[in-house]
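Beneath this line is the structure, given in structure tokens, with notes to follow.
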């Protein structure tokens, strides 16, 4: 991923150096380079120093490789041909006239795809207990879609009776992007959602200090359930059945576990204690049974949160209001300019 990304970055600067046939404005190059080391000194730099033979001086910088758009594309591609098309659609810069410049105009997508020909293949591994697992892709949910690759998910659905995938960064981010981005690309629709919670996390949400999270504190626990309740409400907006997995720690009190399970029962949500960390697969049997029972007793009525044809601002505001509980959205001048540019470039119909 890093090699393919940096190849494209080099081709942008190379095009500028060799007469700039695409009329790229060096001040509006969007593509930064990437590396796997978190090096603060390289986040913002000046490149092209050392005279005419070493390129055109301009501001640039490095991001972490996992934040590369190439990583997100790898996660959304269904084949090599799909990968090449998506790579060609990367917006790399703007011209002096304000027109967008894409990787396809540099003819970079073919060479990038060759570098990714092995990376696009999912990794089949096994757990300590021998269960098959496909591990593939690592886009962050805060700047991309936060889920494993489609090219791993689709065979998992064909090879097993049940396939489980994780949406990173909680229901309001990773799960929402799985529903509104990944599910729009694939034909797959989720049958049930498992929300993972813990007594410690809920106590922390309820105001308990970090040093007392392992101590008994039913008041803080119940105060913190408002956070879990919102996640449950969010998932219900997508029309999906829910199971709450309570990730049990050794110091958790039985009384507090029962208190949380009783709270979930009042909400009409199945709860199950999971002890997988301490007991391995045996500790997840109750959770697995609960998921299967919900699968058999409740039918999903999956729906997207917004329509792709809606204006960009309306889609943003729908997410902010419905999932984050915002009263509205205020936009900076830079955001207003970006939304106007996105819409004028014809990208307004893309998911958020």
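Each reported figure results from applying straightforward, stated rules to the coordinates on display, with no laboratory input. Fair warning: this is a prediction, and the values are worked out from it, not measured in the lab. Cβ placement follows ideal geometry from the backbone for every residue including glycine, while neighbour counts extend to all protein chains displayed.
Hey, what angle do you get for helix 312-324 against the long axis of the chain, alpha-carbon based, 0 to 90 degrees rounded to 10?
With both axes taken from Cα atoms, the answer is about 30 degrees.
May I ask you to derive the relative contact order of the range 123-297, considering only C-alpha pairs under 8 Å and at least 6 residues apart, and to give it as an integer percent?
16 percent
Taking 0.36 nm per residue of separation and subtracting the Cα-Cα distance, what length does fully extending residue 44 through residue 124 add?
Additional length available on full extension: 25.0 nm.
Counting just the Cα atoms, what span does the range 123-297 cover along each of its three principal axes? Round to the nearest Å and put the largest first.
45, 34, 34
As a test of the formula, what do you get for the chain when each DSSP H run with n ≥ 4 contributes -39,500 (n - 2.57) and the sum is divided by the residue count, at 222 nm and rounded to the nearest 500 deg cm²/dmol?
-11000 deg cm²/dmol
Compute the FRET efficiency between residue 210 and residue 278 as 1/(1 + (r/R0)^6), taking r as their Cβ-Cβ distance and R0 = 22 Å, and round to the nearest 0.05.
Given R0 = 22 Å and the Cβ-Cβ separation, E is 0.55.
Determine, from the Cβ-Cβ distance of residue 333 and residue 79 and an R0 of 41 Å, the FRET efficiency 1/(1 + (r/R0)^6), rounded to the nearest 0.05.
Given R0 = 41 Å and the Cβ-Cβ separation, E is 0.50.
Can you tell me the 0 to 90 degree angle between the C-alpha axis of helix 285-297 and the longest principal axis of the chain, rounded to 10?
80 degrees
So if I take the alpha carbon set of the range 24-106, get Rg, then get Rh from the Kirkwood formula, what is the Rg over Rh ratio?
Expressed as Rg/Rh, it is 1.02.
If all Cα-Cα distances of the range 207-287 are sorted into 5 Å bins from 0 onward, what percent lands in each bin, rounded to whole numbers?
Result, from short to long distances: 3, 14, 22, 24, 20, 13, 4, 0 percent.
To test your reading of the geometry: what angle, between 0 and 90 degrees and rounded to tens, separates the Cα axis of helix 2-17 from the longest principal axis of the chain?
Helix 2-17 sits roughly 30 degrees off the main axis of the chain.
Residue separation times 0.36 nm, minus the C-alpha to C-alpha distance between residue 97 and residue 219: what's the value?
So the extension gain works out to 37.8 nm.
Over the chain, what relative contact order in percent results from Cα pairs under 8 Å that are six or more residues apart?
Rounded, it is 11 percent for the chain.
Contact order normalised by length for the range 2-115, with contacts defined as Cα pairs under 8 Å and 6 or more residues apart; what percent is it?
Relative contact order of the range 2-115: 31 percent.
Arranged from highest to lowest average of other beta-carbon atoms within 10 Å per residue, in what order do the peptides 138-148, 87-97 appear?
Result, highest mean first: 138-148, 87-97.
How many Å³ per residue does the convex hull of the Cα positions in the range 279-329 occupy?
In the range 279-329, the Cα hull volume divided by residue count equals 145 Å³.
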